Amino acid sequence: MTDEPQPWQVESSEYIHRLPWFTVRKEAVRMANGGYIPDYFVLEYPNWINVVAVTTEGQLVLIRQYRHGFGAVHYELCAGVVEAYDGATGAEAALITAQRELLEETGYGGGEWTLLMTLSANPGTHSNLTYAYLATGVTLMQAQELEATEEISVHLVSPAEALALIDSGQMIQALHLAPLLRYLGQYGM
């Protein structure tokens, strides 16, 4: 046996619950060191995106919305679920989704797009990834096109104001903070 951790062997796997927003898989797993976990639970979600959007004037495009799990309104990045597109898979489908979500949720679009980082909410229990994009030079192109289940306000803030929002606890979503802080550390401050 090597000193490095090894993948676990799945001895059995069954779905406990299957809905688009709550799919749980129960597995019995054997570790390389002989350890055995009879009830290991994995949450399956589709891949997600978020966008650090920066206007041509250097302002960050943030949104505010209510999150029922936490029961509060906070600042966030534009974000969404990666959708399937004809012929597009993985990061390509994520980029198409990110561009569409930014335009629909904020009205901003265009600019130059790059993949800033790929994250996992919790690799111990979640099976999906979050693709975080940096969109620079975006401009207001249209009015918001929100879904019936979305209530989102758009806010343009300077990099210093974004940092103050983080420091004051007004922005708490970890998958949004990681790419935003990376941007602020590399480009924005």
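The values are calculated or read from the model by the stated rules, or taken from the named source; none is laboratory data. If you're wondering where the values come from, they're calculated on a predicted model, not measured in any experiment. Heads up, the Cβs are rebuilt from the backbone with ideal geometry, glycines too, and the neighbour counts pull from every protein chain shown. Side chains are part of the model used for accessible areas, which takes the heavy atoms of the whole protein and leaves out ligands, DNA and RNA. Shrake-Rupley method; radii C 1.70, N 1.55, O 1.52, S 1.80 Å.
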* Structure fact -> Exception for GLN186 within (1) surrounded by 14 or more Cβ atoms within 10 Å (Cβ to Cβ); (2) not in a loop (DSSP other than H, G, I, E, B) falls at (1)
* Residue within segment 133-140 that is under 23 Å from LEU184 (Cα atoms), touching a helix residue (DSSP H, G or I) at 6+ places or on another chain (Cβ under 9 Å) and assigned to a loop (DSSP other than H, G, I, E, B) present -> no
* Does segment 105-112 include one or more residues that are open to solvent by 50 Å² or more (accessible area, probe 1.4 Å), in contact with a strand residue (DSSP E or B) (Cβ under 9 Å, 6 or more places away or on another chain), of a type in the set (Val, Ile, Thr) and at negative phi? -> no
* **Near pairs, Cβ below 6 angstrom, 6+ apart or cross-chain, from segment 25-43 (closer than 19 Å to SER127 by Cβ) to any residue that is assigned to a loop (DSSP other than H, G, I, E, B) and of a type in the set (Ser, Thr, Tyr)** => VAL42/SER127; LEU43/THR125
* Mind listing whichever residues of segment 131-178 are surrounded by 16 or more Cβ atoms within 10 Å (Cβ to Cβ) and at pLDDT below 95? => none
* Structure fact -> Selection from segment 145-189 of residues farther than 20 Å from TRP48 by Cβ and aromatic (Phe, Trp, Tyr) yields TYR187
* Structure fact -> Taking segment 45-89 and keeping residues farther than 16 Å from HIS176 by Cα and under 14 Å from the mean Cα position of the chain (by Cα) leaves TYR45, PRO46, GLU83
* To do: Evaluate the following for PHE70: is it modelled with pLDDT under 95 and surrounded by fewer than 13 Cβ atoms within 10 Å (Cβ to Cβ)?
  => yes
